[in-house]
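Bear in mind these aren't lab numbers, they're just calculated from the coordinates by the rules spelled out. Just so we're clear, the structure is a prediction, and the values are computed from it rather than from any experiment. Using ideal geometry, Cβ is built from the backbone for each residue, glycine included, and neighbour counts are taken over all protein chains shown.
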Protein chains: 2
Amino acid sequence: MKAWSKICSECAARNATLCRVLDPQELARLNHASFRRWYSAGQAIGGIAAFDGRCATVVAGVMKLSKALSDGRQQIVALLFPGDLLGRPYCAEFPYTVEAATDVLLCWHGRADFDRLLVLRPDFNRAFLQRALDSIDAARDWMLLLGRKTALERVATLLLTLLQKTSYCCGDHQPSQDKILTIPLTRLEMADFLGLRLETVSRQLKLLEASGAIKRLDTRRILVLVADSLTHAAGPDESGESIASATAASAHR
Amino acid sequence: MKAWSKICSECAARNATLCRVLDPQELARLNHASFRRWYSAGQAIGGIAAFDGRCATVVAGVMKLSKALSDGRQQIVALLFPGDLLGRPYCAEFPYTVEAATDVLLCWHGRADFDRLLVLRPDFNRAFLQRALDSIDAARDWMLLLGRKTALERVATLLLTLLQKTSYCCGDHQPSQDKILTIPLTRLEMADFLGLRLETVSRQLKLLEASGAIKRLDTRRILVLVADSLTHAAGPDESGESIASATAASAHR
DNA sequence: CGGCCGTTTGAGTCACCTCAACCACGGTGG
DNA sequence: CCACCGTGGTTGAGGTGACTCAAACGGCCG
């Protein structure tokens, strides 16, 4: 494992973080008020209200946020990659179950300093807002998947999403173009993210392999042979709801 | 129909809007830079990039945001009620199809003035941020529904949600406790919101009626007879993922 | 009256779920 | 070194909830 610097300016996730917008002085101050901690895979973070308005940045690894019904049905609602922010400022409650999917290094920010930046630094504030809005878009994209896509499309979409996320995030990945995807989730977690059962996920992966799009190296690693084929399996494009009410009339449903 | 004042301080949606936090002076200024416009049910708003960073407040009626695949499959990702904000500041793109579900009155805000408030007024900024974060929560709640709930649970949940939303929003509703719910959606729209087919929605409503929880007055209006029964049909509580790994061991799945 | 639209109802099908067996791998201890 | 076990993954057989297709209904409007 790399040497994980405690210095913000040397942060492994620096380019992807919110903190990027800060000047050296601000950064030093935030650095002083932050601390880092490792969580091992599967470890959950605190009780329900353990956040108490504090935020943390994912430096390495993948976190998962999930919601559950009391009968055990569970839905993963977000994955957080290096550079992503965890928590909700101003708000004691953080209504999700937070768990490390892989081993994770978090950088916890001092609440007072973080809130201060939000108020005093417009660019920081705006970057934060941008993130929040992006999270909305991501959640809504996934709503489309959960509500309307088939099992095969869901699995293919997940693989593509992971491929994209891990390619420019500074995980434990080779920066090379080898197209080996290391899935940070178990089959059960994939299922909980996709609104499927783990058996179904397994079967769809088999189908994708049979179609020649991928090759399963081991349970966690997948060699992407034909990315286009994956894209195709992921279903039709999202339509920007073209102006063409002409096409809509015939093609609609 | 009421007389819809053009004066912000007399706005029908005032108590639910962002603008609530503004002082009279700011309000007057924003008022000056805003204009109101009616959209009839079913009407779509502009082309894809018609927003161009501008925002609008829903004053009356219900808007829907949806995403679609190019083969016609569609998912409604959000409903906007009076007081809710529409659009995305700083960003030309607004990646949703925006349509009026009912007749809707929008109050369009001047971009410059709106952005200025966002920067200069911390309370306004914070209120906006709060909204965005609430939208994330709402989308993720719905992800749980789409990924894990049964058809009956979905329909019941929708009815409860609508009941709650319309009860304290200043729609065309009686403020009384009569428990008559006027659904602002067609069956097809309900289906597109719930990730179901319209026939399925219809059948589940029939089941709910057979169980005595509701009575269908006409296609749009529903008399809620036993709200508890609806709540029960909506499925088990969301668990705050209790500390009890003890219960989890047995009850989990 | 006739046509249209949104809705309801029915009958049959299928994609995904359920249940269960089996397998591969890694760690543990005799 | 190997028997044992636990965990996570795969595979199979059968079931079912929601979908598909189709027909009929009822209110509305010309």
At 7 Å out from Cα toward Cβ: B:E209 inter-copy label distances (nm, ascending): 5.0
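Over the whole of B:72-82, what's the average partner chain Cβ count within 10 Å per residue? Rounded to a whole number, please.
5
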Calculated from backbone phi, Karplus (6.51, -1.76, 1.60) coupling profile of segment B:118-130 in Hz, x at Gly/Pro: 4, 7, 8, 10, x, 5, 5, 3, 5, 4, 5, 4, 4
Shielding of A:232-239 by partner chains, average beta-carbon count, 10 Å: 4
Label-point gap, in nm, between B:S70 and B:Y90 - each point 7 angstrom along Cα→Cβ: 3.1
For the protein assembly as shown, radius of gyration divided by Kirkwood radius, i.e. Rg to Rh on alpha-carbons: 0.96
Computed FRET value (nearest 0.05) for A:I180 with A:S40, which takes r as the C-beta separation and R₀ as 22 Å: 0.40
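Just check segment B:81-145 against the gyration tensor rule for me: Cα atoms, a ≥ b ≥ c as the square roots of the eigenvalues, rounded for a/c under 1.5, and otherwise prolate or oblate depending on whether a/b exceeds b/c.
Oblate is the answer for segment B:81-145, as a/c is 1.5 or above yet b/c matches or exceeds a/b.
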Helical mean residue ellipticity (222 nm; -39500 (n - 2.57) per DSSP H run of 4+; nearest 500) of chain A: -12000 deg cm²/dmol
Greater than 23 Å apart at Cα, pairs in A:K179/A:K206; B:K149/B:K206; B:K64/B:K215; A:K64/B:K67: B:K64/B:K215; A:K64/B:K67
Charge context of A:D141, other residues only, Cβ under 10 angstrom, K/R +1, D/E -1: 0
Number of partner chain Cβ atoms within 10 Å, mean per residue of B:121-130: 3
